[in-house]
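Coordinate-derived values only; no laboratory data. If you're wondering where the values come from, they're calculated on a predicted model, not measured in any experiment. Cβ sites come from the backbone with ideal geometry, for glycine too, and all protein chains shown count toward neighbours.
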């Protein structure tokens, strides 16, 4: 058995061995730090892109417009005493000449409490003139909105010491006639469009009065004061350059509402062609997508872009239905939405379309086919002045590249990046450790040889 004592290990060798026993050396720790920073940066970029692609806009950047209500505990609606109206008769010629004093006086008073908003929450139902003689009893007491041209207007006091009543004979756009009576005098008889009015009222009975020496039997509606309306427009099959030239863009020194003559003309045109898919396809065959470049061209010369078709997609920020003011299209409601588009930063887009609920739940998978109208100005909830382009939507179609495909590609790309980075850093660490072990082994061998030479 050998009795040689092992050589004494110096302090330097002890420190070197302790250093090698540490899990990571200096270069390894540095690379690990860089790897961690790289991963954090990659994750940060990924989350930023995800949030940017999923950006739906800030609701505080657009005005909160809400016009939809439901009749319920928070809205009072005039309640009609149907038992009292059961006394009303209008089946015979004689009965149609009479106004039952009790029920008529009651409904005349109740009708004065009927508000435009009441009809709007009901969907502004129009009166069903078809088969009115057979259906009169079932319609009695219902509230309806009608409009048309005034044929006759008289103010009279039928009963001694009774209230003064305003009687109007109205002919609708469809050439149906009806009587309307109210206790309230209108603030303005007619608007700029001529002797056209809109009335809200309860149906009372079929009633016969004299007009131009002839007896006219027609439905009698009882309500508040009538309001001015406008002359109806013919269906617009083409855009009229003369009307488009009258449109003015809004700024912050002079207010220009969205609903001007050009707006109603474009809404009329869109509503007309919605029943002609071939016409829409032809108009939008070469339509350009609304991107940053196209938006700049619109901002530079909006007057040259009015009525031009564009393809638009984005995320809806705020959508609402709006009860329209009196307009030549006779369109009772319209849909509106603010749209956020990622590549346009915080530049929003305002959309409008005929009818209700046409612009709800807009997302990246839907492309709007729309015509440019004008610029509209507003101040957001943070007191910042903004101008947004307004487009009137004619139709919709699915986008060729859905949102999920693009986001899926990003997810796959970053997962691949993570794997490549991990494999790369792992290979570098293994190489460094192997080189370090080889260098340490060579160093130990050299020191051993030097000790042997001293002996």
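What the table below lists for this structure:
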| quantity | calculated |
| --- | --- |
| Normalised contact order of segment 87-228, rounded percent, pairs of Cα under 8 Å and 6 or more residues apart | 28 |
| Nearest-0.05 FRET efficiency for residue 381 and residue 274, computed from C-beta distance (R0 35 Å) | 0.55 |
| Nitroxide proxy distance, nm - points 7 Å out along Cα→Cβ at residue 331 and residue 139 | 2.7 |
| Segment 214-302 shape via C-alpha gyration tensor axes, a/c threshold 1.5 | oblate |
| Full-stretch length increase - residue 412, residue 398 - with 0.36 nm per residue and alpha-carbon distance subtracted | 2.6 nm |
| Stretch gain in nm, segment residue 171-residue 299, where the contour uses 0.36 nm per residue and the Cα spacing is subtracted | 41.6 nm |
| Computed E for residue 256/residue 164 - FRET, C-beta separation, R0 51 angstrom, nearest 0.05 | 0.80 |
| Rounded, prolate or oblate (a/c below 1.5 giving rounded, otherwise prolate when a/b exceeds b/c) for segment 306-455 by Cα gyration tensor | prolate |
| Gyration tensor (alpha-carbon) shape descriptor, segment 87-228, a/c threshold 1.5 | rounded |
| Burial order of peptide ranges 143-149, 354-360 (average beta-carbon count within 10 Å, highest first) | 143-149, 354-360 |
| Distance between modelled label sites at residue 41 and residue 115, nm, 7 Å Cα→Cβ extension | 6.2 |
| Residue 419-residue 287 FRET efficiency (beta carbon distance; Förster radius 45 Å; 0.05 resolution) | 0.60 |
